[in-house]
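K.L.:
Below you will find the structure I want to go over with you.
The values are calculated or read from the model by the stated rules, or taken from the named source; none is laboratory data. All of these numbers come straight from a predicted model, not from anything done at the bench. Note: ideal-geometry Cβ built from the backbone for every residue, glycine included; neighbour counts use all protein chains shown. For the accessible areas, the whole protein counts, side chains as well, though only heavy atoms, and no ligand, DNA or RNA atoms are used. Shrake-Rupley method; radii C 1.70, N 1.55, O 1.52, S 1.80 Å.
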Number of protein chains: 2
Amino acid sequence: MNVAQIATTRRTCKAFDPTRKIPGSVLDDLKTVLRFAPSSVNSQPWHFVIAGSDAGKEALAATLDGAFAYNAGKVRGASHVVVFCARTALDEAYLNSLLDQEEADGRFATPDARAGQSKSRSFYVGLHRDQLNDADAWADRQIYIALGNLMQAAAALGVDACPMEGIDVLKLDEALGLPQKGLRAVVMCALGYGSEQDFNARLPKSRLPADTVFSEI
Amino acid sequence: MNVAQIATTRRTCKAFDPTRKIPGSVLDDLKTVLRFAPSSVNSQPWHFVIAGSDAGKEALAATLDGAFAYNAGKVRGASHVVVFCARTALDEAYLNSLLDQEEADGRFATPDARAGQSKSRSFYVGLHRDQLNDADAWADRQIYIALGNLMQAAAALGVDACPMEGIDVLKLDEALGLPQKGLRAVVMCALGYGSEQDFNARLPKSRLPADTVFSEI
């Protein structure tokens, strides 16, 4: 299938078959997609907690109650659940670690190249932190690029995905000890294989028509 | 190439060959990917302005000056440039149009199914508008799912992409008359084919190591 066919046939999974697990090589590919997702100025302002054990998934499911209780079953039935976390601060030490990694990976032919990258990234980090005052929202947006890539990649690999915004991020922060690690929970995505109870697998997709969502100039 | 290979070989394009245009069938696939991108509660809070004409690209390039002037050349050199716009309000009329579309597309076997979808979507729209006070940021995040999907799809189709946050959204709003259409500019992505001057095509990718970005539970 090409990317357009994947886009039109993919379904958000509403009920997983708990007996089916994602093979290791497929999981490795999905992790590669996450790690290599693009982000503004290569800021990579993320961390991914992947729950593959029953205890790990139970810890996540236990945070889902009240209005979000309906998502707990998806977490328990999935093969793996990814908690997308944001770094709470892109401080100097972190920005230097990015530069060091880029240098180690061979992106800087000259000292000027490193200085240029440092200046450019610091400009955008400062813009969001000090002028637009949306540093957290900026990080969140990058994380949604990774979420989009993961969903699309899962579909290409025959893995069903269920993105979940219906989560309690503060309870997740506490359950996973995220603040102590300089992280905060943003969004979650369950991965696995749909069960017979997945009503959404049998429903057609629906989208607004092309003339509503596109303008050409 | 599978999705992991696409993820590791994709490069953000820094300079386009202005003589090369995206074939119509490929552009159609990219538009399908955009239109079918997933969004929270199928809210589709977006609109995509696609500049394929010289005049259209020039109108976008003219909004880029000051700190963002360095992006104007990418806009002029690209085959097509997508301006990702958010709907400024998800009001009752819009939410009803989503329900009508879903009904027309065959997603509701019973009136209860329509009522359930309406209730679920209204809950999340209200949550972000009235409780979390992040309706705009919520829409932005959905748009970044579409951006992530577009970049990944472009790479799969051999099209080079340059996502651009270095834009002046207010100038874009004005240039495109977006507020009058209930829209606002969020982010931009140029698409086409890299030129010989695209230094980034020859540089290795760099990402933080797996043990930094993943935790397993």
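K.L.:
Taking the stated definitions as given, is B:LEU203 open to solvent by 10 Å² or more (accessible area, probe 1.4 Å), at the interface with chain A (Cβ under 9 Å from one of its Cβ atoms), over 23 Å from A:LEU27 (Cα atoms) and within 22 Å of the chain's Cα centre (by Cα)? Even if it seems obvious, please write down each step before you answer.
P.N.:
Details: open to solvent by 10 Å² or more (accessible area, probe 1.4 Å): yes; at the interface with chain A (Cβ under 9 Å from one of its Cβ atoms): yes; over 23 Å from A:LEU27 (Cα atoms): yes; within 22 Å of the chain's Cα centre (by Cα): no.
When the stated conditions are applied, B:LEU203 does not pass them.
K.L.:
Take the range A:53-96 and flag every residue that is in a helix (DSSP H, G or I) and charged (D, E, K, R).
P.N.:
A:ASP54, A:LYS57, A:GLU58, A:LYS74, A:ARG76, A:GLU92
K.L.:
Here is a list: B:THR9, B:THR19. Which entry is surrounded by fewer than 21 Cβ atoms within 10 Å (Cβ to Cβ), within 10 Å of chain A (Cβ to nearest Cβ) and either of a type in the set (Val, Ile, Thr) or closer than 24 Å to B:ALA201 by Cα (or both)? Before the answer, list the steps.
P.N.:
On the way: B:THR19 fails: within 10 Å of chain A (Cβ to nearest Cβ).
Exactly one of B:THR9, B:THR19 is surrounded by fewer than 21 Cβ atoms within 10 Å (Cβ to Cβ), within 10 Å of chain A (Cβ to nearest Cβ) and either of a type in the set (Val, Ile, Thr) or closer than 24 Å to B:ALA201 by Cα (or both), namely B:THR9.
K.L.:
Sticking with this structure for a sec: Answer yes or no: is there a residue in the range B:208-217 that is surrounded by fewer than 21 Cβ atoms within 10 Å (Cβ to Cβ), in contact with a Ser or Thr (Cβ under 8 Å, 6 or more places away or on another chain) and either farther than 26 Å from A:ASP136 by Cβ or more than 11 Å from chain A (Cβ to nearest Cβ) (or both).
P.N.:
no
Residue by residue, here is whether (1) touching a Lys or Arg at 6+ places or on another chain (Cβ under 8 Å); (2) more than 9 Å from chain A (Cβ to nearest Cβ); (3) polar (S, T, N, Q) holds:
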residue: B:LEU27; (1), (2), (3): no, yes, no
residue: B:VAL33; (1), (2), (3): no, no, no
residue: B:PHE84; (1), (2), (3): no, yes, no
residue: B:ASP91; (1), (2), (3): no, yes, no
residue: B:TYR94; (1), (2), (3): yes, yes, no
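K.L.:
If B:ASN133 satisfies all but one of (1) over 27 Å from A:ILE143 (Cα atoms); (2) more than 10 Å from chain A (Cβ to nearest Cβ), what's the number of the condition it fails?
P.N.:
Here B:ASN133 meets the rest and fails (1).
K.L.:
Give the residues of the range A:115-135 that are among the charged types (D, E, K, R) and surrounded by 19 or more Cβ atoms within 10 Å (Cβ to Cβ), sorted by residue number. First the steps, then the outcome.
P.N.:
Step one: list which residues in the range A:115-135 are among the charged types (D, E, K, R), which gives A:119, A:121, A:129-130, A:134.
Scanning the range A:115-135 gives a single hit, A:ARG121.
K.L.:
Of everything in the range A:78-107, what is open to solvent by less than 10 Å² (accessible area, probe 1.4 Å) and touching a strand residue (DSSP E or B) at 6+ places or on another chain (Cβ under 7 Å)? Give them in sequence order.
P.N.:
A:ALA78, A:SER79, A:VAL81, A:VAL82, A:VAL83, A:PHE84, A:CYS85, A:ALA86
K.L.:
Still on this model: For A:GLU102, work out the one condition from (1) in a loop (DSSP other than H, G, I, E, B); (2) at the interface with another protein chain (Cβ under 10 Å from one of its Cβ atoms) it doesn't fulfil.
P.N.:
(1)
K.L.:
Do the conditions hold for A:ALA185, that is, is it within 27 Å of A:ASP28 (Cβ to Cβ) and either assigned to a strand (DSSP E or B) or without any contact (Cβ under 8 Å) to a residue 40 or more places away in the chain (or both)? Even if it seems obvious, please write down each step before you answer.
P.N.:
Values: within 27 Å of A:ASP28 (Cβ to Cβ): yes; either assigned to a strand (DSSP E or B) or without any contact (Cβ under 8 Å) to a residue 40 or more places away in the chain (or both): yes.
Yes, satisfied.
Okay, residues lined up against (1) outside any strand (DSSP E or B); (2) aliphatic (A, V, I, L, M); (3) touching a strand residue (DSSP E or B) at 6+ places or on another chain (Cβ under 6 Å); (4) surrounded by fewer than 20 Cβ atoms within 10 Å (Cβ to Cβ):
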| position | (1), (2), (3), (4) |
| --- | --- |
| B:PRO163 | no, no, yes, no |
| B:LYS171 | yes, no, no, yes |
| B:ALA175 | yes, yes, no, yes |
| B:ALA190 | no, yes, yes, no |
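K.L.:
Taking the range B:38-52 only, how many residues are facing another protein chain (nearest Cβ under 7 Å) and either in a loop (DSSP other than H, G, I, E, B) or of a type in the set (Asp, Glu) (or both)?
P.N.:
Selection size over the range B:38-52: 3.
K.L.:
Limited to the range B:192-217, what total is found for residues that are outside any strand (DSSP E or B) and touching a strand residue (DSSP E or B) at 6+ places or on another chain (Cβ under 7 Å)? Give the steps one after another, and end with the answer.
P.N.:
Applying the first criterion (outside any strand (DSSP E or B)) to the range B:192-217 yields B:193, B:195-213, B:217.
With the extra rule that they be touching a strand residue (DSSP E or B) at 6+ places or on another chain (Cβ under 7 Å), the set shrinks to B:193, B:195, B:200-201, B:213, B:217.
Total satisfying the criteria: 6.
K.L.:
Could you count how many residues in the range A:77-117 are closer than 26 Å to A:LEU176 by Cα and of a type in the set (Lys, Arg)?
P.N.:
Going residue by residue through the range A:77-117, those that are closer than 26 Å to A:LEU176 by Cα are A:77-95, A:97-98.
Still in the list and also of a type in the set (Lys, Arg): A:87.
Qualifying residue count, the range A:77-117: 1.
K.L.:
Still on this model: Could you list, in sequence order, the residues of the range B:16-34 that are in contact (Cβ under 8 Å) with a residue 12 or more places away in the chain and either in contact with a Cys (Cβ under 8 Å, 6 or more places away or on another chain) or not in a loop (DSSP other than H, G, I, E, B) (or both)? Please lay out each step first, then the result.
P.N.:
Step one: of the range B:16-34, the residues in contact (Cβ under 8 Å) with a residue 12 or more places away in the chain are B:16-18, B:20-22, B:26-27, B:29-31, B:33-34.
Passing the criteria: B:PHE16, B:VAL26, B:LEU27, B:ASP29, B:LEU30, B:LYS31, B:VAL33, B:LEU34.
K.L.:
Among (1) open to solvent by less than 10 Å² (accessible area, probe 1.4 Å); (2) touching a Leu at 6+ places or on another chain (Cβ under 9 Å), which single condition is B:ALA61 missing?
P.N.:
It is condition (2) that B:ALA61 fails.
K.L.:
In addition: Search the range B:142-161 for residues being out of contact with any strand residue (DSSP E or B) (no Cβ under 7 Å at 6 or more places or on another chain) and part of a loop (DSSP other than H, G, I, E, B), and hand back the single one that is surrounded by the most Cβ atoms within 10 Å (Cβ to Cβ).
P.N.:
B:LEU157
K.L.:
Does A:THR110 qualify as being surrounded by 16 or more Cβ atoms within 10 Å (Cβ to Cβ), farther than 15 Å from B:LEU208 by Cα and more than 10 Å from chain B (Cβ to nearest Cβ)?
P.N.:
Details: surrounded by 16 or more Cβ atoms within 10 Å (Cβ to Cβ): no; farther than 15 Å from B:LEU208 by Cα: yes; more than 10 Å from chain B (Cβ to nearest Cβ): yes.
Taking the combined requirement at face value, the residue does not satisfy it.
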